[in-house]
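Heads up, the thing below is written out as structure tokens.
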Amino acid sequence: MDSSATKGLTLHSHTGVAYQFDPGALCLELLTTGGPGPYRRYEVLHEPADLAAWADRSRLTPTPVLEISEAEVADARRLRDALFRVVIAHTRGEPNPPGDLETINEAATCPDLAPAIASTGKRQWAGTPTGTHLVAAVARDAVELLTGPFAHRIRTCAAEDCHLVYVDTSRPGRRRWCSMEHCGNRHKVRALRARHSEEG
């Protein structure tokens with residue numbers, strides 16, 4: 001799992017309200033960019049600038065300055081869709097969809113983003129990072145997550161109309177919501193209304 005500093009993603013509800021979402025892993029951050037099947041309507045990775053913008057929002061620190069080709073954007077979408085299916089199958093205790101593990105493993109064999117120390121003493125990325133380096137970093141993070149100590153903590157938000165996936169890295173391991181300020185708050189409001197209607 002990626003251990004870089006978390007920036008936290010700012011997402012927007014269907015009503016346009018902004019809220020913070022921390023999925024707990026770099027690879028799960030990529031799942032917020034769209035996905036297979038019904039998630040295709042949320043697609044945001046259309047061109048190299050879109051993938052660079054996602055890297056900027058991600059937990060990668062510092063933000064890598066990337067050279068990205070159209071083909072690498074397609075590779076990122078392919079990895080994301082495979083990862084989406086594998087993660088959902090994992091949360092349901094189902095077997096992995098054919099071919100998807102191979103897609104993740106193949107991406108993970110490519111060279112990853114390599115950290116380096118700048119002359120200022122600060123962290124930087126070595127060489128000229130490309131979209132392939134970025135995709136490899138995400139794939140390797142997925143391998144770490146799915147085979148590591150938090151694999152049993154990968155969950156889908158408990159709200160029926162929310163499909164965000166996160167890894168519960170909290171000490172007690174009782175996280176239920178993608179975000180307390182969004183789905184957690186909606187649940188509290190509904191529970192309060194239900195209580196009031198019972199009392200009324």
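In the context of the full set of protein chains, region 61-116 has a per residue accessible area of 52 Å² (1.4 Å probe).
The stretch between Ser69 and Arg57 holds 2.4 nm of extra length on full extension. This uses 0.36 nm per residue minus the Cα-Cα distance. Net length available on complete extension from Arg40 to Glu102 is 20.2 nm, with 0.36 nm assigned per residue and the Cα-Cα distance removed. Placing unit charges on each Cβ (+1 for Lys and Arg, -1 for Asp and Glu) gives region 18-110 a dipole about its Cα centre, and among Leu66, Pro23, His46 the Cα reaching farthest toward its positive end belongs to Pro23. Here Ala158 and Ala18 are evaluated by their C-beta separation; at R0 = 30 Å the FRET efficiency comes out at 0.90.
Scaled against 2.2 N^0.38 Å for its residue count N, the alpha carbon radius of gyration of region 49-156 is 1.14.
Loop-located trypsin sites (Lys or Arg not before Pro) in region 63-148 (DSSP state not H, G, I, E or B) with no more than 11 neighbouring Cβ atoms inside 10 Å: Lys122.
The values are calculated or read from the model by the stated rules, or taken from the named source; none is laboratory data. What you see is a predicted model; the values in this text were computed from it and never measured. Cβ sites come from the backbone with ideal geometry, for glycine too, and all protein chains shown count toward neighbours. The accessibility values were calculated without ligands, DNA or RNA, using every heavy atom of the protein model including side chains. Shrake-Rupley method; radii C 1.70, N 1.55, O 1.52, S 1.80 Å.
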